[in-house]
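**Student:** Sharing a structure with you now.
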Amino acid sequence: MTATADPMAAPASWRGLPAAQQPDWPDPGHLRAVTDELAGLPPLVFAGECDVLRERLAAVARGEAFVLQGGDCAETFAGATAEAVRAKLQTLLQMAVVLTYGASVPIIKIGRMAGQFAKPRSRPDEIRDGIELPAYRGDAINGFEFTAQARTPDPARLLRAYHCSAVTLNLCRAFATGGFADLHQVHAWNQDFVAQSPAGQRYERLAGEIDRALAFMRACGADPEELHAVEFYSSHEALLLDYEQALTRCDSRTGRPYDTSAHFVWVGERTRDLHGAHIEFASSIRNPVGVKVGPDTKPSDVLALINRLNPDREPGRVTLITRMGAGRVRDVLPPLIKTVIAEGIEIPWVCDPMHGNTFEAPSGHKTRRLHDVLDEVQGFFEVHRSLGTHPGGVHIEFTGDNVTECVGGSHEIAAGDLHQRYETACDPRLNRSQALDLAFIVADSYRR
Ligand code: PEP
Ligand code: CO
């Protein structure tokens, strides 16, 4: 089960290739010392777990399961607390219950958690009041505070990212299997501000139906183990290749390389150059991997990516995460899907309805309308239904807290409310009640 810690064993074929979005580390010697140390630290996940997730994703590709992937746009070191992790997991569990019950399909739960500490940026610098500093690139690289010291990339942060990932994953594993995620707790997850929202009240009715079903099963003498725990997987964008490389180990069972920083890693829209370092790295590891594809993706790009990342056509190995924007999904998604099915390829198609729908509110806050997010999800379902393919899942940015970062929702947040609790370190996230609104819509769309 375990993987060896020999960094030499991990392929580094990406090193000679152009790597977009890498920080300008001021001291390469310091970076090397840190990555050497990381290479000697224990793996965060095991190869066998990644293999199970790949099988689960193969089931998604066959139309037998649905992915729910989500969490912060950017995790922060300060956010690696029991309280914050519990609230995020609770949101994921509530959404998963709505989907399992409403859509009658197994839900594969993947957190954007325990490693989502590095961000690609559209501009390398940020200017405020005439002062120019490096952009914030995530806690694994530099600090959010707008000072020259905080914004200077510091390799020591990679070690902290590793340790925060370990702490977060430990909490997730304990919450997932230690009783908290037991389906009999279905009411207990619906607490505080969420319980008062329309989505929370709808959830409460659904939880009541689940209670009755559980009581019925108990009366029949059935108490399956599956109801007492959930399978949870970690994921993040494989952006910082020095970090991912240091965590890549050869599996002692098979001798093959796995990136042990997370069960699933994806390559982002800005770094998915077919001839670049990120795709080369992703093609060299055995984990299930994802690629984000935006509205300008050509059908030939998609085919080339699939062929590069999965030449053996192994089921569940590559997931395409589409992020087209509500206004474009119905036009740009069909040609991509048609090309893939014409080749006889079955893959999980996952909808990220967040990243194509970002805009700036009059107050200057980066935000998203829940209405657009839901519209993209619905467009995604319509396209798949019309082509006879399986809408395989959703990938969203949410938090467990009552933040005011996206506008809309059954518990309406207006553009003028955004300042009240705008806490994201990067993109605007759905709060828990908006995330539940989305889960109900997805469940309804899936059932149709
Ligand atoms: C993200 O997932 O936060 C992100 C930057 O996405 P994309 O690569 O799709 O822009
Ligand atoms: Co984001």
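**Student:** Can you tally the net charge around Thr424? Count Lys and Arg as +1, Asp and Glu as -1, for every other residue whose Cβ sits under 9 Å from the Cβ of Thr424.
**Tutor:** Values: positive: Lys366, Arg429; negative: Asp72, Glu397, Glu405, Glu423, Asp427.
Local charge sum for Thr424: -3.
**Student:** May I pose another question? If the chain between Glu209 and Asp125 were fully stretched, how many nm would it gain, using 0.36 nm times the residue separation less the Cα-Cα distance? Present the calculation step by step, with values, prior to reporting the outcome.
**Tutor:** Values: separation 84, 0.36 × 84 = 30.24 nm, distance 5.22 nm.
Working it through step by step, the gained length comes to 25.0 nm.
**Student:** While we're looking at this one, here's another question. Need one number: convex hull volume per residue for the stretch 46-171, Cα atoms only, in Å³.
**Tutor:** It comes to 140 Å³ per residue, whole-number rounded.
**Student:** Between Arg32 and Phe77, with labels modelled 7 Å along Cα→Cβ, what's the label distance in nm to one decimal, could you check?
**Tutor:** 2.5
**Student:** At a 10 angstrom cut-off on C-beta neighbours, averaged per residue, how do the peptides 239-246, 103-110, 189-196, 412-419 rank from highest to lowest?
**Tutor:** 239-246, 103-110, 189-196, 412-419
**Student:** Tell me the label-point distance for the pair Glu360, Tyr101, using the 7 Å Cα-to-Cβ offset, in nm and rounded to one decimal.
**Tutor:** Result: 4.3 nm between the two label points.
**Student:** Determine the share of the stretch 315-448's accessible area contributed by carbon and sulfur atoms, expressed in whole percent, with a 1.4 angstrom probe.
**Tutor:** 48
**Student:** Assuming R0 = 56 Å, what is the FRET efficiency of Phe216 and Glu423, from their Cβ-Cβ distance, to the nearest 0.05?
**Tutor:** 0.85
**Student:** Heavy-atom accessible area per residue, the chain, 1.4 Å probe: how many Å²? Please report the intermediate quantities before stating the final value.
**Tutor:** Values: 17340 Å² over 448 residues.
Per-residue value: 39 Å².
**Student:** Still on this structure, I have one more. Quick one: putting +1 on the C-beta of Lys and Arg, -1 on the C-beta of Asp and Glu, what dipole do you get for the stretch 330-448 around its Cα centre, in Debye to the nearest 20?
**Tutor:** Taking the Cα centre of the stretch 330-448 as origin, the dipole is about 220 debye.
**Student:** Test of understanding: extend the Cα→C-beta vector of Arg160 to 7 Å, then name every residue of the stretch 108-130 with backbone N under 16 Å from that spot.
**Tutor:** 115-119
**Student:** Once each part is reduced to its C-alpha centroid, what is the distance from the stretch 100-179 to the stretch 217-287 in angstrom?
**Tutor:** 16
**Student:** What's the magnitude of the charge dipole for the chain around its Cα centre, counting Lys and Arg as +1 and Asp and Glu as -1 at the beta-carbon? Answer in Debye, nearest 20.
**Tutor:** Taking the Cα centre of the chain as origin, the dipole is about 680 debye.
**Student:** Given the rule -39500 (n - 2.57) for each run of at least 4 DSSP H residues, summed and divided by the residues of the chain, what is its mean residue ellipticity at 222 nm, to the nearest 500 deg cm²/dmol?
**Tutor:** Numbers: 13 runs with 175 residues, N = 448.
Theoretical 222 nm ellipticity from helices: -12500 deg cm²/dmol.
**Student:** Step by step: find N for the stretch 141-276, compute 2.2 N^0.38 Å, then divide the Cα radius of gyration by it. What's the final number?
**Tutor:** Cα Rg divided by the expected 2.2 N^0.38 Å: 1.50.
**Student:** Still on this structure, I have one more. Could you quote the convex hull projected area for the chain, Cα atoms only and averaged over all directions, in nm²?
**Tutor:** Orientation-averaged projected area of the Cα hull: 20.9 nm².
**Student:** On to the next question. Taking the simple approach of a point 7 Å from Cα along Cα-to-Cβ for both Ala12 and Glu132, what is their distance in nm?
**Tutor:** Reported label-point gap for Ala12 and Glu132 is 3.3 nm.
The values are calculated or read from the model by the stated rules, or taken from the named source; none is laboratory data. Computed from a predicted model, the values in this text were never measured in an experiment. Quick reminder, even Gly has a Cβ in these numbers, built from the backbone with ideal geometry, and neighbours come from all protein chains shown. Remember, those area values only see protein heavy atoms, side chains included, never the ligands or the DNA or RNA. Shrake-Rupley method; radii C 1.70, N 1.55, O 1.52, S 1.80 Å.
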